[in-house]
Structure formats: structure tokens, C-alpha cells
1. Please determine, by comparing only the residues of segment 98-132 that are assigned to a loop (DSSP other than H, G, I, E, B) and acidic (Asp, Glu), which one is nearest to Val214 (Cα to Cα).
2. Does Ser113 satisfy the criteria of being farther than 13 Å from Leu219 by Cβ and free of Cβ contacts under 8 Å to residues at least 24 places away in the same chain?
3. Run down Asp112, Asp212 and say which single residue is exposed (fewer than 15 other Cβ atoms within 10 Å of the Cβ) and under 16 Å from the mean Cα position of the chain (by Cα).
4. Can you tell me which residue in segment 112-129 is modelled with the highest pLDDT, limited to those that are over 11 Å from Ala98 (Cα atoms) and among the polar types (S, T, N, Q)?
5. Please verify whether Ala131 is surrounded by 12 or more Cβ atoms within 10 Å (Cβ to Cβ) and either over 21 Å from the mean Cα position of the chain (by Cα) or among the aliphatic types (A, V, I, L, M) (or both), treating the condition exactly as stated.
6. Scan segment 199-229 for residues that are within 25 Å of Tyr129 (Cα to Cα) and acidic (Asp, Glu) and jot them down.
7. Could you check segment 76-90 and list, in sequence order, the residues that are assigned to a helix (DSSP H, G or I) and under 22 Å from the mean Cα position of the chain (by Cα)?
8. Restricting to segment 173-218, what's the tally of residues that are assigned to a helix (DSSP H, G or I) and touching a residue at least 12 places away in the same chain (Cβ under 8 Å)?
Amino acid sequence: MKRAHLATVVAVAATLLLAGCSASGSADSDLGGGSVAEPAPEQGDGALDAGRDAAGDEAGGLGSTVETRDVVTTGTMAVTADDPVLAAAETTALVTAADGRIDSQNQQPGTDSQPARASLVIRVPSARYQAVVADIQKLGGVTHYSTEASDVTQQKQDIDARISALETSTKRLESLMADADSTADLIEIENALSGRQAELDSLTTQRDYLEDQVAFSTLSVDFTAPGVVSPGSPRTFWDGFLAGWNALIGFLAGTLVVIGAFLPWLLLFGAIAAIVLLIVRASRRGPRKPRPENGRSAPAGPAPEPEPAAEPDPVDTRA
């Protein structure tokens with residue numbers, strides 16, 4: 001009995017020992033696997049960071065592409081203001097504060113027969129265009145506003161490429177002209193160089209103008225008094241008829257004004273012409289000849305000679 005009980009205790013102890021060893025081995029294997037696989041999350045973080053960097057670079061590239069676009073912005077605006085001339089002056093102050101300039105300005109003070117109005121063409125930096133527009137809209141009631149943006153990136157790139165090619169060609173021609181041996185070669189190179197230089201100057205002028213259009217946006221502003229709406233383009237037949245009729249009335253009124261302005265001069269020239277005509281007619285008549293007493297005019301030229309008298313027939317005396 002004791003031996004059987006001892007054998008049972010030994011068997012149980014061996015089983016527990018084997019179970020403990022297997023558990024310890026599995027735990028060690030788990031710990032070992034975690035240490036080996038531990039860099040995997042670091043690789044994942046690195047890949048994620050790399051992906052973020054790549055995405056950031058791509059976004060940065062897109063942002064730089066957008067920033068390098070060349071856009072020409074133009075707009076028109078019609079505003080009603082109690083004092084259009086004062087509103088135009090305030091607009092000028094806004095443009096000056098925004099480092100812009102006034103390209104043209106026209107002011108018409110109000111009279112008894114016509115209302116006041118003012119118009120301006122302003123140029124402001126493109127980055128401040130929207131802010132200036134918002135400030136101008138606060139000066140009165142906006143009755144019309146439109147803006148247009150034209151992308152001229154391709155056109156500017158083409159001009160830059162042509163300028164670069166012409167500059168390279170000009171330098172090459174200058175070097176050839178320095179090494180020219182004959183007069184004929186020198187003259188030919190100078191002619192070619194003159195043509196290249198003229199084309200280069202023309203393209204440079206076009207590029208400068210395009211850069212100015214891109215750097216400064218253009219806005220045409222028309223200020224009118226309340227109750228006066230800026231004339232727009234006719235949209236219907238009746239609007240077109242009225243526009244044509246008003247144009248005809250304006251033309252006739254302008255013609256009458258011109259005639260009234262020239263009428264005093266026409267009268268003066270007519271009087272002078274009449275005097276000259278009378279003098280010419282008087283000079284053509286000449287002195288008058290005296291008339292004879294019997295009232296008959298004397299025959300012109302010398303008097304005719306009398307005819308000789310006829311001789312009588314001889315008398316026959318033989319009878």
C-alpha cells in the first residue's frame with residue numbers, strides 16, 4: 001500500500017513538473033516572440049511616417065503648382081451713392097492704402113439738369129483685390145458686380161521659353177561676330193543679331209505687360225446718384241428700340257449744338273463771300289458808252305464810203 005501510494009505521489013509530482021516546464025517554455029517563447037516582433041510596429045510607424053511625408057511632399061507640390069499659376073483678374077462694379085464724387089475720392093484713398101493706382105478717373109458734378117456721377121478704373125495688387133472690392137461695396141448700394149479670371153500661365157511660359165531661346169541665340173551671334181574674319185560675314189551676323197534683338201525686345205515688353213496684368217487686378221467702378229441706374233446692354237426688342245431712339249435723339253441734339261456753334265461763323269463767311277461777289281461783278285461790267293441824241297445807237301466801226309453816182313446814158317443826135 002505504501003509503495004502504491006508513493007508511486008502515485010511520484011506520478012502526480014512528475015505530471016506537475018512537466019506541466020510547469022511546458023508553461024514556462026510557452027511563456028518564454030511568448031516573450032521571445034514579442035522581442036523579435038517588437039521592431040515590426042516600429043517598421044509600421046516608420047512606413048506610416050514615410051507615407052505622411054510622401055503625402056505632405058505631394059501636397060506641397062500641388063500647393064506650389066497652384067501658387068505658380070498666373071491669373072489675370074478683371075471686374076466691373078456699379079454703385080449708387082448719395083455723393084458719387086465723394087465716393088470716388090474715398091475709393092481713391094482705399095486704392096492708395098492698398099498700394100494700388102488709378103489708371104483713369106472721370107467726375108461729373110451734379111447740376112439742375114443732370115445728376116452727379118463718377119467713374120474710375122483702378123489697379124490693385126491681386127492679393128488685396130477682394131478686400132478692396134469689399135470696402136468699395138460699403139460706400140453705397142451695389143447694383144451690378146462681375147469679375148472674370150483668365151489663366152495666362154501657358155502664355156507666359158511660352159513667352160519665357162522664347163525669350164530664353166532668343167537670349168541664347170543672341171549670345172551665340174555676339175560670339176560669332178567677335179570671331180568674324182570678313183566684312184561680309186560681319187554684316188550678315190549684324191543683320192541677324194538686329195532681328196533677334198528686336199524680337200527679344202518685343203517679347204520682353206509683352207512679358208512685362210503680362211506680369212503687370214497678373215500682379216495688379218483691374219476693376220472699373222461707376223458711381224451714380226440714387227435713382228440713376230447705369231445703362232446696361234438691351235436684352236429685348238423694346239429695350240433695343242428705346243436704346244436706338246435715345247441714340248438718335250442724342251445724335252440730333254448733338255448735331256443741333258454743332259450747327260449752333262458754327263452758325264455765327266457761317267454768317268460771317270457768307271457776308272464776306274457776298275461782298276467779294278459784288279466786287280467781281282462790278283469789275284466785269286466796265287465803263288458805259290454815251291448814247292446818241294436821236295436815241296439810236298451809232299453803228300460800230302468806220303462809216304461806209306458813199307457809192308459813186310451813175311453816169312447818164314449818151315443821147316443819140318443822129319436823129
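1. Here the residue is Asp99.
2. yes
3. Unique residue meeting the criteria: Asp212.
4. Among those that are over 11 Å from Ala98 (Cα atoms) and among the polar types (S, T, N, Q), it is Ser119.
5. yes
6. Of everything in segment 199-229, those that are within 25 Å of Tyr129 (Cα to Cα) and acidic (Asp, Glu) turn out to be Asp208, Glu211, Asp212, Asp222.
7. Scanning segment 76-90 gives a single hit, Ala88.
8. Of the residues in that region, 21 qualify.
The values are calculated or read from the model by the stated rules, or taken from the named source; none is laboratory data. Note that the coordinates shown come from a computational prediction; the quantities given were computed from them, not determined experimentally. Reconstructed Cβ throughout: ideal geometry from the backbone, glycine too, with neighbour counts over all protein chains shown.
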